[in-house]
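Structure record follows, encoded as structure tokens.
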Amino acid sequence: MGDMLSIARAEIRRHDWGATRCGCGLPASHLLDGLMEDVLTCAPAALAAMDKHAFEGSFLRDPAPAVAAVALGMLADGLAPRQASDVLWLMLQLAAGEGGDEDPDSSSLYARTFRVLRGGLTLIYREFLNNPWGRQEARELLEILEAEQSKHAFYEEFLRSTS
């Protein structure tokens, strides 16, 4: 990454982790004590460890929107394909949470997380087109997040026609 600043690290600094109650019951600032650093290096165990913190099974927890923003920042910063696949998996856990049938314009936890993830559609499309390891996770994310299904269908056909 050289001299470039990290979007993911900026997202970490942008959020008030201490004011957010973690899914485990502690202030979410404890996520910054090593776990978030492991997430930034895409350690698969750290990404899976977001269970009980940002989500629990299919239920989102309060850090979910901030974790979604960090995940998008990681994709924007650029990752190796297999690392991006792991981050897409984390994003899919957040997008597929309970409440998916809610109004995405509401102020619910799910809706706020959904809006953050939807803001990264271009990054998800990039992974869908270019990352064979993350293609399935990206496809599933697009099925959940993309409001314009004809756009999603176009990209599916575009991928088939260029393969």
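The values are calculated or read from the model by the stated rules, or taken from the named source; none is laboratory data. Please read all numbers here as calculations on a predicted model, not as lab measurements. Every residue, glycine among them, receives a Cβ derived from its backbone with ideal geometry; neighbour counts consider all protein chains shown. To get the accessible areas, we keep the full protein, side chains included, count just its heavy atoms, and leave off ligands, DNA and RNA. Shrake-Rupley method; radii C 1.70, N 1.55, O 1.52, S 1.80 Å.
The condition (being buried (at least 22 other Cβ atoms within 10 Å of the Cβ) and more than 10 Å from the chain's Cα centre (by Cα)) is satisfied by just one residue among Pro81, Pro63: Pro63. Residues in the range 91-110: is at least one touching a residue at least 24 places away in the same chain (Cβ under 8 Å), open to solvent by 20 Å² or more (accessible area, probe 1.4 Å) and touching a Pro at 6+ places or on another chain (Cβ under 6 Å)? No, the range 91-110 has no match at all.
Which ones in the range 62-81 are in contact (Cβ under 8 Å) with a residue 40 or more places away in the chain and assigned to a loop (DSSP other than H, G, I, E, B)? Scanning the range 62-81 gives Asp62, Pro63, Gly78. Restricting the range 1-21 to residues that are at pLDDT 90 or above and more than 16 Å from Ala69 (Cα to Cα), the residue that is least open to solvent (accessible area, probe 1.4 Å) is Gly18. His152 fulfils the conditions (1) surrounded by 13 or more Cβ atoms within 10 Å (Cβ to Cβ); (2) closer than 27 Å to Ser6 by Cβ except for a single criterion, (2). When the residues of the range 4-28 are filtered to those that are in a helix (DSSP H, G or I) and over 19 Å from the mean Cα position of the chain (by Cα), the one that is nearest to Ala49 (Cα to Cα) is Gly18.
Scanning the range 113-138 for residues that are buried (at least 18 other Cβ atoms within 10 Å of the Cβ) and either among the polar types (S, T, N, Q) or over 12 Å from the mean Cα position of the chain (by Cα) (or both) turns up Thr113, Tyr125, Glu127, Phe128, Asn131, Gly134. Leu117 meets the stated requirement of being of a type outside the set (Asp, Glu), assigned to a helix (DSSP H, G or I), within 22 Å of Ala10 (Cβ to Cβ) and out of contact with any Gly (no Cβ under 6 Å at 6 or more places or on another chain).
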